[in-house]
Amino acid sequence: MLTSRSLLAVPVALFTLALSSVASAGTTVPLSSIAALPAPVALKVPNAVTTIPGLSLKSKEGHRGTQWHDLTAATGRGYCINQKQFGFRCASTYGSGSGAEGEDLDLDRLVEKDGVATLERTRVHFDPAYGTIAATGRSQVTLTEITRTAAGVVVWAFRQDRAIVVLARGVGGGVEGRQMASEESVIPFVSADGCPFAGARIDVHKPEAGALAQLTGTLPAQGTGKERVIPKFLIDASVSRVARDPEALLAVRVRMQE
């Protein structure tokens, strides 16, 4: 479970691998072909709420008269709690004590229908002092499918602020480029704790300098007993622009691991 004070623990070797894996040999698309997530539309905020569609809050007694609050996303319906502290962090649960300050979280939902994938994002204000949550804004974007492999890995993308977000189902972790770090000394790792999908941001502010990200994940298990295997995959993604390109390009490559 994620907490407001928890830190990521991902091997530094993953970051080294990401730096050495530029996805130039994969599927390439111009950034202009990727839809942008619009600014959230403000929602009417009720006085006190403990349930939002796709998100529930439960409270229990904590230490010395305090309370502990647990948020749980309805992952079975495609919801996931998204936080961007020290990197793109996705989790099915999030918790905080009543002594913590209020904060804003994103509740993301990935939906596929009639061959089209969309991401709906609800901005949620979580106030641990009062034990309440409130939906303050909502936006939605149609995801651009970048590649789909024979093994069943599908990679989508959308634009968000100064970044391209690359995401897929079954992702367990990864790493973003250092351009997305909140502090110079921090490596922006991706985590996905109990979520059906996760993504990574790639900075597009200076595409001529190049920027990349990498995601790791698994597909559903195949076989039974001693023959049971869990296919693993790597997604290498990069944004770049050279003199001959009329605009910046996103390149994505999916590699299956033994």
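Counting only residues that are hydroxyl-bearing (Ser, Thr, Tyr) and at pLDDT below 95, the range 201-237 holds 1 of them.
Flag set for residue 56, criterion: among the hydroxyl-bearing types (Ser, Thr, Tyr) and more than 19 Å from residue 200 (Cα to Cα). Here residue 153 fits the description: at pLDDT 95 or above and in contact with a strand residue (DSSP E or B) (Cβ under 6 Å, 6 or more places away or on another chain).
Condition check ((1) assigned to a loop (DSSP other than H, G, I, E, B); (2) of a type in the set (Phe, Trp, Tyr); (3) within 30 Å of residue 49 (Cβ to Cβ); (4) in contact with a strand residue (DSSP E or B) (Cβ under 7 Å, 6 or more places away or on another chain)) across all residues:
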site: 117; (1), (2), (3), (4): no, no, yes, yes
site: 129; (1), (2), (3), (4): yes, no, yes, no
site: 140; (1), (2), (3), (4): no, no, yes, yes
site: 145; (1), (2), (3), (4): no, no, no, yes
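Residues in the range 65-83 that are farther than 16 Å from residue 169 by Cα and free of Cβ contacts under 8 Å to residues at least 40 places away in the same chain were compared, and the one that is nearest to the chain's Cα centre (by Cα) is 72. Cβ separations smaller than 6 Å between residues 6+ apart or across chains give the following pairs from the range 186-205 residues that are more than 24 Å from residue 30 (Cα to Cα) and in contact (Cβ under 8 Å) with a residue 12 or more places away in the chain to residues that are crowded, with 24+ Cβ neighbours inside 10 Å and among the charged types (D, E, K, R): 188/176.
Considering each residue of the range 55-81, count those that are under 28 Å from residue 216 (Cβ atoms) and surrounded by fewer than 22 Cβ atoms within 10 Å (Cβ to Cβ), and give that number. Step through it out loud before you land on a result.
Within the range 55-81, the subset under 28 Å from residue 216 (Cβ atoms) is 55, 70-81.
Narrowing further to those that are surrounded by fewer than 22 Cβ atoms within 10 Å (Cβ to Cβ): 70, 72, 74-78.
Final tally of qualifying residues: 7.
The values are calculated or read from the model by the stated rules, or taken from the named source; none is laboratory data. No experiment lies behind these values; they were computed from the predicted model shown. Positions of Cβ are generated from backbone atoms using ideal geometry, with glycine treated the same way; all protein chains shown enter the neighbour counts.
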